[in-house]
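Notes follow the structure.
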Amino acid sequence: QACSPDHEFRPRLTVQSFAMVGICPLRPAVYGQQCQQRARRCMLGRSSRLVGQGRLHALCIAMCLSSVLGQAYDPAEARVFASLAQAAYCGRNASTVDELLQWSCGPCLDSGLKIVPGSVRATSSKELGAANASFAYTARLAADSRFGDSCVLSIRGTASPANWAKDFQVWKQGVPIEDCEGCRAEHGFYTVWKGIKTGILAALADVGCVPSARVSAESSVTTNKLLVTGHSLGGAVSTLALLSLSNQGYDVRTSFVFESPRVGNHAFAQAFWDIYNESRPVWRITRARDPVPLVPPRVLGYRHISFEVYYNSSGDFHICNSSDLREDPTCADQHGLPPSLLHVLDHCASSLTPSGRICGCAAHQGPSSSAVIV
């Protein structure tokens, strides 16, 4: 009787209760509708005599979540990407950029990822006359690495006065984004992306990372799988890159952006959600009272992308509610911009890197390189 079609459905374990323990943290209202419908069908298709109704419902919900969620947040994965983002800061001078190109820099080794030898490519552009003001690197990961045969793109954060000048062009009206109807992006961020986009595409193609239309199904020479990351300004530009590269035919997989400011308007955030939703989330990491994720202000029309994961100063994290593209008031948004301006040091601090900082090319903190290759 409990599973008959006319029985009133009163689950004892709801999707919201899963959310409270972190199993179903994303858009619980949407999951509530989807998972309850699937759970009802599941209940009708299985005998309640085998297990209690509450347990059976929990089982059905869990099965539903595993089919709806493409991937769950993995702190260990976040640490790998934090090191990949930090490695981009090794492009600030000649000595450390050589280490980056050889994949022997501290953050390179801390990432624990094996790359195809000789596949690292550096891309830079001038800003306000300053050479190497914007910097990114690409590399092809070895087929037996943690993420399989794929490529990584990491865009450096603010590292020069020219970068700061780009960061603070929020007074200019947002500019339209190509191939995204109604979308507008902050002027400085979009200018940086346009300035390095051609070089990044060439660097990717040079090591066989190409859009899906150019991938050979019978050859291991090319791949369209791509991982993207960046910190600060690099997180903002990475967000623009994620939308652009997906539209061009790259199969963008796991990606993280760290301490990113708001990038575009609501139409941009919605277009981003249409691609990177529950089945393929891009994790947006925020920390403590860092003021950078609170700019540009919402009053100017800027919105954040989903999915935020908030770390406090002790290193504990909270997966934030990203329903309806709203910011969770219990995460980074809880502090407010004016008070957070007194905590700018939180921007470079990180519990996800061995050095405790994500800015700068830190020395290798782990065991020998041979022990961290995965």
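Within the stretch 209-227, is even one residue open to solvent by 10 Å² or more (accessible area, probe 1.4 Å), at pLDDT 95 or above, out of contact with any strand residue (DSSP E or B) (no Cβ under 8 Å at 6 or more places or on another chain) and more than 22 Å from THR123 (Cα to Cα)?
Scanning the stretch 209-227, I find no residue that is open to solvent by 10 Å² or more (accessible area, probe 1.4 Å), at pLDDT 95 or above, out of contact with any strand residue (DSSP E or B) (no Cβ under 8 Å at 6 or more places or on another chain) and more than 22 Å from THR123 (Cα to Cα), so the answer is no.
Given the criterion of a type outside the set (Lys, Arg), touching a strand residue (DSSP E or B) at 6+ places or on another chain (Cβ under 8 Å) and more than 21 Å from ALA136 (Cα to Cα), identify the matching residue among VAL263, VAL257, VAL295, VAL309.
VAL309
One line per residue, one yes/no per condition, for (1) closer than 24 Å to PRO75 by Cα; (2) over 18 Å from the mean Cα position of the chain (by Cα); (3) modelled with pLDDT of 95 or more:
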site: ALA271; (1), (2), (3): no, no, yes
site: SER279; (1), (2), (3): yes, no, no
site: ARG284; (1), (2), (3): yes, no, yes
site: ARG289; (1), (2), (3): yes, yes, yes
site: ARG298; (1), (2), (3): no, yes, no
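Name the residue, out of ALA139, ALA133, ALA88, that is in contact with a strand residue (DSSP E or B) (Cβ under 6 Å, 6 or more places away or on another chain), open to solvent by less than 20 Å² (accessible area, probe 1.4 Å) and modelled with pLDDT under 95.
Of ALA139, ALA133, ALA88, the one residue that is in contact with a strand residue (DSSP E or B) (Cβ under 6 Å, 6 or more places away or on another chain), open to solvent by less than 20 Å² (accessible area, probe 1.4 Å) and modelled with pLDDT under 95 is ALA133.
Regarding ASP346, is this residue over 29 Å from GLY360 (Cβ atoms) and not hydrophobic (A, V, I, L, M, F, W, C)?
So ASP346 does not fit the description; no.
From the list PRO338, PRO354, PRO367, which residue is at pLDDT 95 or above and either farther than 25 Å from ARG156 by Cα or within 22 Å of the chain's Cα centre (by Cα) (or both)?
Going through PRO338, PRO354, PRO367 in turn, just one is at pLDDT 95 or above and either farther than 25 Å from ARG156 by Cα or within 22 Å of the chain's Cα centre (by Cα) (or both): PRO354.
Out of everything in the stretch 235-248 that is open to solvent by 20 Å² or more (accessible area, probe 1.4 Å) and of a type outside the set (Ser, Thr, Tyr), what residue ends up being farthest from GLY208 (Cα to Cα)?
ASN247
Among the listed residues SER260, SER216, SER246, SER220, which satisfies the condition of being among the hydroxyl-bearing types (Ser, Thr, Tyr) and under 12 Å from the mean Cα position of the chain (by Cα)?
The conditions single out SER260.
With the stretch 251-331 as the region, which strands (runs of 3 or more DSSP E) entirely inside it contain at least 1 residues that are among the basic types (Lys, Arg) and either open to solvent by 20 Å² or more (accessible area, probe 1.4 Å) or over 14 Å from SER232 (Cα atoms) (or both)?
It comes to 282-287.
Tell me, yes or no, whether the stretch 146-165 has at least one residue that is over 23 Å from TYR302 (Cβ atoms), basic (Lys, Arg), open to solvent by 10 Å² or more (accessible area, probe 1.4 Å) and modelled with pLDDT under 95.
Yes: one or more hits.
Any residue at all in the stretch 188-205 that's among the aliphatic types (A, V, I, L, M), touching a helix residue (DSSP H, G or I) at 6+ places or on another chain (Cβ under 9 Å) and surrounded by fewer than 18 Cβ atoms within 10 Å (Cβ to Cβ)?
Within the stretch 188-205 (the criterion being among the aliphatic types (A, V, I, L, M), touching a helix residue (DSSP H, G or I) at 6+ places or on another chain (Cβ under 9 Å) and surrounded by fewer than 18 Cβ atoms within 10 Å (Cβ to Cβ)), the answer is yes, since at least one residue qualifies.
Output the qualifying pairs, or none if there are none: Cβ atoms under 8 angstrom, residues six or more apart or on different chains, first residue in the stretch 309-330 and farther than 17 Å from ILE358 by Cα, second residue part of a strand (DSSP E or B) and open to solvent by 30 Å² or more (accessible area, probe 1.4 Å).
LEU325/ARG303; THR330/HIS318
The values are calculated or read from the model by the stated rules, or taken from the named source; none is laboratory data. In this text, all values refer to a predicted model and were calculated from it rather than measured experimentally. When we count neighbours, we look across all protein chains shown, and the Cβ atoms used for this are built from the backbone with ideal geometry, even at glycine. SASA here: full protein model, heavy atoms, side chains in, ligands and nucleic acids out. Shrake-Rupley method; radii C 1.70, N 1.55, O 1.52, S 1.80 Å.
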